[in-house]
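Derivation of every value follows stated rules applied to the coordinates shown; laboratory data play no part. The model shown is predicted, which means the values in this text are computed figures rather than measured ones. Glycine also receives a Cβ, built like all others from the backbone with ideal geometry; neighbour counts cover every protein chain displayed.
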Amino acid sequence: MYKGQRILFLTCVYNEEGKIADVFRRMQTGVADEVLMVDDGSTDNSAEIGRQAGATVISLGACLGVGYALRRGLEYAREKQYDIVVTIAGNNKDDPDEAPQLLDPVCDDGYDFVIGSRFLAGGGYGGDMPFYRKLATRLHPFLVGLFCGRRVTESTNGFRAMRLSVLDDKRINLYQEWLDHYELEVYLLMKLMLLGYRTTEVPATKIYPKKALGRTKMRPGVDWWRILRPIFLLGLRLRR
């Protein structure tokens with residue numbers, strides 16, 4: 001237990017056999033009580049690599065979407081009565097050694113949700129980050145902050161810690177079909193801010209892999225809209 005709290009590391013994976021072994025190797029930090037991998041219908045060897053690394057693996061059997069996979073992981077965390085979940089990218093962009101930076105504000109200062117920010121002093125990004133991502137990761141938090149009425153430097157980073165008890169709030173509804181893909185992460189961030197939960201950002205690093213190892217699974221157009229639309233749907237009170 002980390003500071004008396006039961007911690008689950010959660011990663012959602014789709015066809016990351018070239019990177020996932022390094023993710024699990026780097027997760028051996030002694031912070032997590034358990035590492036969970038939700039396999040979103042991978043057709044490669046990702047799930048077996050996870051099992052060999054000692055992770056608990058939930059295989060969805062089909063590609064149902066990152067939001068669906070994340071929701072399943074959160075269900076597991078609640079079923080097992082964990083206190084805090086830390087979500088980590090399955091493509092080796094995050095540094096698990098930085099997990100205490102996310103956890104300490106929750107454990108020590110009573111925050112409900114903490115997101116890592118590459119744009120705060122002490123954070124950063126490196127590697128082969130596409131130019132359009134540099135633009136998008138600046139515009140997106142500006143829009144989130146505009147609708148939530150506060151300054152936000154990071155809104156698309158999946159490296160987060162969350163107190164699981166917030167999901168007892170009936171005003172937070174993860175079981176909406178429109179949240180099955182990239183929308184869910186943005187939805188959670190905005191709902192918690194709009195509902196008045198204690199949220200904060202901490203410095204974190206993001207390392208983009210070389211192009212030869214594969215880029216993001218996000219598709220231009222349709223998936224860009226998926227990370228944008230929760231801003232407008234929640235900000236304009238069109239969805240709950």
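Whole-Hz Karplus values for the stretch 14-28 come out as 9, 6, 10, 4, x, 10, 5, 4, 5, 4, 5, 4, 6, 7, 7 Hz, taken residue by residue from phi with 6.51 cos²θ - 1.76 cosθ + 1.60 and θ = phi - 60°; glycine and proline positions read x.
What order, most packed first, do the peptides 91-101, 191-201 have when packing is the mean number of other Cβ atoms within 10 Å of each residue?
Working: 91-101: 20.3, 191-201: 17.3.
Peptide ranking by packing, descending: 91-101, 191-201.
Distances between placed amide hydrogens fall under 5 Å for Tyr125 paired with Lys206, all partners being 5 or more residues away or on another chain. Evaluating 6.51 cos²θ - 1.76 cosθ + 1.60 at θ = phi - 60° for every residue in the stretch 75-86, the Karplus couplings come out as 4, 4, 4, 6, 4, 8, 6, 6, 8, 9, 10, 10 Hz, glycine and proline recorded as x. Spacing of the modelled spin labels on Arg239 and Arg198, each 7 Å from Cα toward Cβ, amounts to 3.0 nm.
For Asn173 and Leu120, what is the calculated FRET efficiency with R₀ set at 41 Å and r taken between the beta-carbons, to the nearest 0.05?
Details: r = 30 Å, r/R0 = 0.74.
That gives a FRET efficiency of 0.85.
Remark on Ala89: its backbone amide H falls under 5 Å from those of Asp94, a criterion applied only to residues 5 or more positions apart or on other chains, H modelled at 1.01 Å from N.
Take every DSSP beta bridge whose two residues both sit in the chain; close to 25 percent of them are antiparallel. Is the stretch 1-130 best put as rounded, prolate or oblate by its Cα gyration tensor, with a ≥ b ≥ c the root eigenvalues, rounded for a/c under 1.5, and otherwise prolate when a/b is larger than b/c, oblate when not? Cα axes put the stretch 1-130 in the oblate bin. Could you work out which residue, out of Leu36, Leu135, Leu70, moves most in a Gaussian network model of the chain, that is, has the largest mean-square fluctuation with Cα springs under 10 Å? Checking each option, the largest mean-square fluctuation is seen for Leu135. Charge tally for Lys3 (other residues, Cβ to Cβ under 15 Å; Lys, Arg +1; Asp, Glu -1): -3.
Using a cut-off of 13 Å between beta-carbons, work out the net charge of the residues near Tyr68 (Lys and Arg +1, Asp and Glu -1, Tyr68 not included). If you can, show how the numbers build up before the last one.
Numbers: positive: Arg71, Arg72, Arg226; negative: Asp39, Asp40, Glu75, Glu177, Asp180, Glu183, Glu185.
Local net charge: -4.
Take the Cα pairs of the stretch 131-235, get the Kirkwood Rh, then feed it into Stokes-Einstein at 4 °C and 1.567 mPa s and tell me D in µm²/s. Write down the numbers at each step before the final one.
On the way: Rh = 14.9 Å.
Reported coefficient: 87 µm²/s.
One way to sum up the overall shape of the stretch 68-134 is the equivalent ellipsoid from its Cα gyration tensor, whose semi-axes run 25, 18, 10 Å, largest first.
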